[in-house]
1. Give the range 138-159 a look and list any residue that's touching a residue at least 40 places away in the same chain (Cβ under 8 Å) and of a type in the set (Lys, Arg), or say none.
2. Only residues in the range 160-177 that are small (Gly, Ala, Ser) count as the first member; pair them with residues that are in a helix (DSSP H, G or I) and at pLDDT below 85, Cβ under 7 angstrom, at least 6 apart or cross-chain, and list the lot.
3. Does any residue of the range 108-124 turn out to be within 25 Å of Glu46 (Cβ to Cβ) and at pLDDT below 55?
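The values are calculated or read from the model by the stated rules, or taken from the named source; none is laboratory data. In this text, all values refer to a predicted model and were calculated from it rather than measured experimentally. Please note: Cβ atoms are built from the backbone with ideal geometry, for glycine as well, and neighbour counts cover all protein chains shown.
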Amino acid sequence: MTYKNLHDNELLLKLRFDDQNAFEEIYRRYWSDMFHAAYNLLREREACMDIVQELFVWLWEHRNSLNVASLRPYLMAAVKFKVANYIKKGKVRSSFFDQIKEMEEPYELIEDSNMEVKEMMTIINHFTNQLPEKCRDIFILSRHEELSNKEIAERLNISVKTVENQITIALRKLRSSLKRISSFLLFFL
């Protein structure tokens with residue numbers, strides 16, 4: 001069977017039943033459009049590649065529960081949403097690190113309002129220490145030293161694709177850890 005000739009709705013149906021070939025066809029069909037849509041908004045190649053990759057990871061992870069009427073508009077809207085979140089988080093991220101830099105001792109936060117920041121830093125540091133060594137090194141270079149995927153690949157003498165995969169793994173594990181923690185906290189509140 002050739003998946004190239006299948007309609008999007010047929011691919012979605014096959015995807016819901018764990019058909020990896022359907023997923024790969026969707027990827028081939030829409031990756032470029034999604035990347036260009038993200039790039040037209042953001043103009044950061046590495047970030048756009050990360051955004052599109054995260055969307056495809058999400059698509060695969062949620063394949064069994066997807067309720068999509070039209071695939072292309074859905075994916076394009078998802079890209080715009082992710083780019084908007086990236087921009088929003090980028091502003092939050094820079095102001096977060098500005099707060100940390102202003103303090104003499106970043107882990108000795110004084111104000112009660114900064115307790116959340118301290119707790120989040122503790123969780124992220126604990127999470128980072130739990131990652132496998134290679135994944136941890138790449139995650140630290142990406143998120144703490146703010147190197148691009150290409151810079152990380154050059155520094156560690158590995159492929160950009162390996163960097164992308166390791167960051168995706170780290171982010172997936174971080175999200176999972178944060179979901180468990182938030183579920184735990186909701187249970188006790």
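1. If the condition is that a residue be touching a residue at least 40 places away in the same chain (Cβ under 8 Å) and of a type in the set (Lys, Arg), then Lys150 is the only one that fits.
2. What qualifies is Ser177/Phe127.
3. No, because not a single residue in the range 108-124 is within 25 Å of Glu46 (Cβ to Cβ) and at pLDDT below 55.
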